[in-house]
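Colleague: Sharing a structure with you now.
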Amino acid sequence: MSSKTITRADLASAVHGAVGLSLNDSGDLVDHTLEIMSDSLAEGAPVKLSSFGSFMLREKGERIGRNPKTGEEVPISPRRVVTFRASHILKDQVNRG
Amino acid sequence: MTKSELVQQLAERNPHLYLRDVEKVVDTIFDEITQALSRGDRVELRGFGAFSVKEREGRIGRNPRTGESVKVGPKRLPFFKTGKALRERLNESKK
């Protein structure tokens, strides 16, 4: 299994290749896409992309954590987190390799 | 938000593009991430988050109805970790 890391620049270059926009415009579109998704999640609305997966929001209540270095107990404030549920299509593709 | 709503908002921010090209942009981005993960690559989108593949070893499972043992093969699962900037934005209103 390879272990390359794909970044925004690689996505921009894929968009450039597939749609024929300039690399600059392609990079802007990748950024806009991620911004629009982040805005939706920050407003509390999940993002559901058919055939890819869903970014859902979960509210976590307060719990007691521990500082692993000192062993000291500290309260962890309630927070909202994103969970990603991959679609069956994505799961199958990843598993098939 | 659905994929078509994402396409619509992206088109509104880029009025110089044809809608069909905007659709192609969105499909290309998620196809590319899917392909990278199926090769076992990691996808790191700073500020948003990172996609990676987790390997699960095979195990002996049990059919809960019959109690029968079944072999579950090793598998690879896509995984997402929220980026720092997004994680902070999610909780801004609470600070």
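The values are calculated or read from the model by the stated rules, or taken from the named source; none is laboratory data. This is a predicted model, so every value here is computed, not measured. Cβ placement follows ideal geometry from the backbone for every residue including glycine, while neighbour counts extend to all protein chains displayed. Accessible surface is based on the protein model in full, side chains and every heavy atom, while ligands, DNA and RNA are left aside. Shrake-Rupley method; radii C 1.70, N 1.55, O 1.52, S 1.80 Å.
Colleague: Any idea how far apart residue B:20 and residue B:66 come out in nm if each label point goes 7 Å out from Cα toward Cβ?
Modeller: Label at residue B:20, label at residue B:66, 5.2 nm between them.
Colleague: Could you sort B:76, A:58, A:66 by their accessible area in this structure, using a 1.4 Å probe and putting the largest first?
Modeller: Values: B:76 40, A:58 125, A:66 150 Å².
The ordering from most to least exposed comes out as A:66, A:58, B:76.
Colleague: OK, next. Can you return the lysines within cross-link range of residue A:69? Criterion is Cα-Cα under 17 Å, with same-chain partners fewer than 8 residues away left out.
Modeller: Within the straight-line limit of under 17 Å, residue A:69 reaches no lysines at all.
Colleague: Could you tally the net charge around residue A:5, taking each other residue with its Cβ under 15 Å from the Cβ of residue A:5, Lys/Arg +1 and Asp/Glu -1?
Modeller: Values: positive: A:4, A:8, B:39, B:42, B:46, B:81; negative: A:10, B:32, B:41, B:44.
Result for the local shell: +2.
Colleague: What percent do you get for the relative contact order of chain B when only Cα pairs under 8 Å and 6+ apart count? Display every interim value, and only then the final one.
Modeller: Working: 99 pairs, mean separation 19.4, N = 95.
Contact order relative to length: 20 percent.
Colleague: What's the long-distance tail for chain A, i.e. % of Cα pairs beyond 24 Å? Don't jump to the answer; show the numbers that get you there.
Modeller: Details: 2252 of 4656 pairs.
It works out to 48 percent of all Cα pairs.
Colleague: Pairs A:4/B:71; A:60/B:81; A:60/B:71: which exceed 28 Å Cα-Cα?
Modeller: Numbers: A:4/B:71 31 Å; A:60/B:81 16 Å; A:60/B:71 35 Å.
Over 28 Å apart, Cα to Cα: A:4/B:71; A:60/B:71.
Colleague: To continue, here is another question. For the interface of chains A and B, what total accessible area is buried with a 1.4 Å probe, rounded to the nearest 100 Å²?
Modeller: 4600 Å²
Colleague: Pull up the DSSP beta bridges for the range B:3-94 and report the antiparallel fraction as a percent, rounded to 5. Please list the in-between numbers first.
Modeller: Details: 15 of 15 bridges.
Antiparallel: roughly 100 percent of the beta bridges in the range B:3-94.
Colleague: Another question, if that's okay. Only Lys, Arg, Asp and Glu count, each charged at its Cβ (+1, +1, -1, -1), so figure out the dipole size of chain B about its Cα centre, rounded to 20 debye. Before the final figure, lay out each step's value.
Modeller: On the way: 21 positive and 14 negative charges, 136 e Å.
Roughly 660 debye, rounded to the nearest 20.
Colleague: Membrane-span-like helices in chain A: DSSP H runs reaching 18 Å or more (Cα, own axis), mean Kyte hydropathy at least -1.0?
Modeller: Details: long enough: A:23-42 (28 Å, -0.01).
Length and hydropathy pass: A:23-42.
Colleague: Return the Rg/Rh ratio of the range B:3-94 with Cα-based radii and a Kirkwood Rh. The partial results should precede the final answer.
Modeller: Values: Rg = 19.5 Å, Rh = 16.7 Å.
Expressed as Rg/Rh, it is 1.17.
Colleague: What's the local net charge at residue A:97, with K and R +1, D and E -1, over the other residues with C-beta under 13 Å away?
Modeller: Numbers: positive: A:91, A:96, B:39, B:75, B:76; negative: A:92, B:41, B:55.
Within the 13 Å Cβ shell, the charges total +2.
Colleague: Measure off 7 Å from each Cα along the Cα-to-Cβ vector at residue A:89 and residue A:35, then give the distance between these two points in nanometres to one decimal.
Modeller: 2.7 nm
Colleague: Over chain A, calculate the relative contact order: mean separation of alpha carbon pairs under 8 Å at least 6 apart, over the residue count, as a percent.
Modeller: On the way: 106 pairs, mean separation 18.7, N = 97.
So the answer I get is 19 percent.
Colleague: Related question: Compute the angle between helix B:19-38 and the longest alpha-carbon principal axis of chain B, please, reported from 0 to 90 degrees and rounded to the nearest 10.
Modeller: It works out to around 30 degrees.
Colleague: Diagonalise the Cα gyration tensor of the protein assembly as shown and give the resulting equivalent ellipsoid semi-axes, square root of 5 times each eigenvalue, largest first, whole Å. If you can, show how the numbers build up before the last one.
Modeller: Values: eigenvalues 196, 124, 51 Å².
Equivalent ellipsoid semi-axes, largest first: 31, 25, 16 Å.
Colleague: Hey, another quick one. Lys and Arg at +1, Asp and Glu at -1: add these up for the other residues within a Cβ distance under 15 Å of residue B:60 and post the number.
Modeller: Result for the neighbourhood of residue B:60: +3.
Colleague: For A:32, B:16, write out the residues from largest to smallest accessible area, computed with a 1.4 angstrom probe and no ligands counted.
Modeller: Details: A:32 30, B:16 125 Å².
Putting A:32, B:16 in descending order of accessible area: B:16, A:32.
Colleague: On to the next question. Under 5 Å between amide H atoms, partner at least 5 residues away or on a different chain: which partners does residue B:41 have, H built in plane at 1.01 Å?
Modeller: The answer is none.
Colleague: With +1 on each Lys and Arg Cβ and -1 on each Asp and Glu Cβ, and nothing else charged, work out how big the dipole of the protein assembly as shown is about its Cα centre, in Debye to the nearest 20.
Modeller: On the way: 34 positive and 26 negative charges, 252 e Å.
Magnitude of the dipole: close to 1200 debye.
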